[in-house]
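The values are calculated or read from the model by the stated rules, or taken from the named source; none is laboratory data. Because the structure is a prediction, the values reported are computed rather than measured. Reconstructed Cβ throughout: ideal geometry from the backbone, glycine too, with neighbour counts over all protein chains shown.
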Ligand code: SAH
């Protein structure tokens, strides 16, 4: 793979990001735009400093508040699934967390809307995304079970925490032809892609996954 390391995005992390992208390609990620975004992104700024040496490993890591930064393979896989039918002009993300997935999405689409229930995580993520010079992201502190009604409909919605069942509000906020990529379940979780066809929805089950739960309500 021939990936150019971006000037601002990436910076010193370029080589590590490239190696991570190569690893993900070997694991079956094929979308060149997704791989390029992974190669360019400084994942180390999104993990606690003490874990920075593990930032380019293909593993989930704790980010505080009992939450985790998703495994890079899952970030790439979900991004690829979102883009499968072409390029959505905006994406709704539920569960900003560290902001790493947000940074990847912001390189793949014109506008990202991201909702997080824990205020302190949202605050930290915002600073990091600004330091990457990504300015096409709107963030909201609130309950992602409810989506982001005033910005709907969305051609693409990604949920990075697992509800026990698909939130009705997210189905309602999906544009016709739009896709929702979401892990669903409690002990056993399945990554699903739900596509809207008018008032009907089709569902594809992708693979077993493990996410923190999508918890109702927002906290300060
Ligand atoms: N994509 C993020 C994943 C973070 S973990 C990353 O890679 O860093 C999932 C996140 O979802 C956590 O930050 C958690 O606080 C958030 N979350 C859980 N329930 C939520 C809800 N109802 N609304 C919004 N965010 C929620």
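In region 40-56, what residues are under 23 Å from residue 120 (Cβ atoms) and either touching a residue at least 12 places away in the same chain (Cβ under 8 Å) or within 12 Å of the ligand (Cβ to nearest atom) (or both)?
41, 42, 43, 44, 45, 46, 47, 48, 55
Could you name every one of the strands (runs of 3 or more DSSP E) located completely within region 148-212 that has at least 3 residues being within 16 Å of the ligand (Cβ to nearest atom)?
Strands (runs of 3 or more DSSP E) meeting the threshold: 154-159, 174-184.
Inspect all residues belonging to region 132-151 and state whether any of them is at pLDDT 95 or above, in contact with a helix residue (DSSP H, G or I) (Cβ under 8 Å, 6 or more places away or on another chain) and at positive phi.
yes
Suppose we filter 200, 187 for residues that are at pLDDT below 95 and either more than 20 Å from residue 112 (Cβ to Cβ) or out of contact with any strand residue (DSSP E or B) (no Cβ under 8 Å at 6 or more places or on another chain) (or both); which single one remains?
Checking each option against the conditions leaves just 187.
Please specify each residue of region 57-81 satisfying the condition of being touching a helix residue (DSSP H, G or I) at 6+ places or on another chain (Cβ under 7 Å), modelled with pLDDT of 95 or more, assigned to a loop (DSSP other than H, G, I, E, B) and near the ligand (Cβ under 10 Å from one of its atoms).
70 - this is the single residue of region 57-81 that is touching a helix residue (DSSP H, G or I) at 6+ places or on another chain (Cβ under 7 Å), modelled with pLDDT of 95 or more, assigned to a loop (DSSP other than H, G, I, E, B) and near the ligand (Cβ under 10 Å from one of its atoms).
Give the residues of region 123-147 that are buried (at least 16 other Cβ atoms within 10 Å of the Cβ) and more than 10 Å from the ligand (Cβ to nearest atom), sorted by residue number.
Across region 123-147, the qualifying residues are 124, 126, 128, 129, 132, 134, 137, 139.
Scan region 97-122 residue by residue and report those that are near the ligand (Cβ under 6 Å from one of its atoms), assigned to a strand (DSSP E or B) and buried (at least 23 other Cβ atoms within 10 Å of the Cβ).
Answer for region 97-122, where residues must be near the ligand (Cβ under 6 Å from one of its atoms), assigned to a strand (DSSP E or B) and buried (at least 23 other Cβ atoms within 10 Å of the Cβ): 115, 116.
Give me a count of the residues in region 82-95 that are more than 6 Å from the ligand (Cβ to nearest atom) and in a loop (DSSP other than H, G, I, E, B).
7
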